[in-house]
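Working notes for the structure below.
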Amino acid sequence: MMGFAPRMVESGFLNLNNPDRVWFQNVQWTNDIFALITFSVMVCIGFINRQNTSLHRTMMLFASMAFTGPATARLLEWLAPYSIIEGTVIIYFFFPLAVLLHDWIAFKKLPKYPFYGFLVLLVLMVLTFFLPTLEFWTGIFLNHIH
């Protein structure tokens, strides 16, 4: 067994008979996968475009932001278990939005790279919550556990 979710089943933390816990772990697993892909792509784009300082800076910064969702969700699961989703979404969108607003104010125009980065993170969050609602994706997650 590979990954965190199968170990949670073995340790008894993830009860497969509790659909809420299974859904929540499916959401976290989905976010982990897409955050890793987003991080890798953004770091590659930033690395390839080192001469374009604006693009490089934005890609490196937003690549690190791809993991704020999973990290915040896991932190809030222990600190504030009744506001995990709300807190994660607020914190997850606060950082890239702050960068976007800062650059907009500093350069007095809508910055295209932070805007695109924000859109990518928005798509990541939508996929994180949409895919676990699909039976196909849930089947993939459950196969991952077994």
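So here's what we get for this one:
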{"quantity": "The chain, Cα convex hull volume normalised per residue, Å³", "calculated": "114"}
{"quantity": "Cβ-derived FRET efficiency at R0 25 Å, residue 129 paired with residue 60, nearest 0.05", "calculated": "0.45"}
{"quantity": "Rounded FRET efficiency, nearest 0.05, which uses the C-beta distance separating residue 23 from residue 90 and R0 of 30 Å", "calculated": "0.90"}
{"quantity": "Likely footprinting exposure, 20, 103, fewest C-beta neighbours within 10 Å first", "calculated": "20, 103"}
{"quantity": "Gain upon complete extension [residue 108, residue 75; 0.36 nm per residue less C-alpha separation]", "calculated": "8.3 nm"}
{"quantity": "Percentage relative contact order, the range 19-137, counting C-alpha pairs under 8 Å, at least six apart", "calculated": "31"}
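Values in this text are rule-based calculations from the coordinates and carry no lab data. Nothing here was measured: the structure is a model prediction, and the numbers come from that model. No Cβ is skipped: glycine too gets one built from the backbone with ideal geometry, and neighbour counts run over all protein chains shown.
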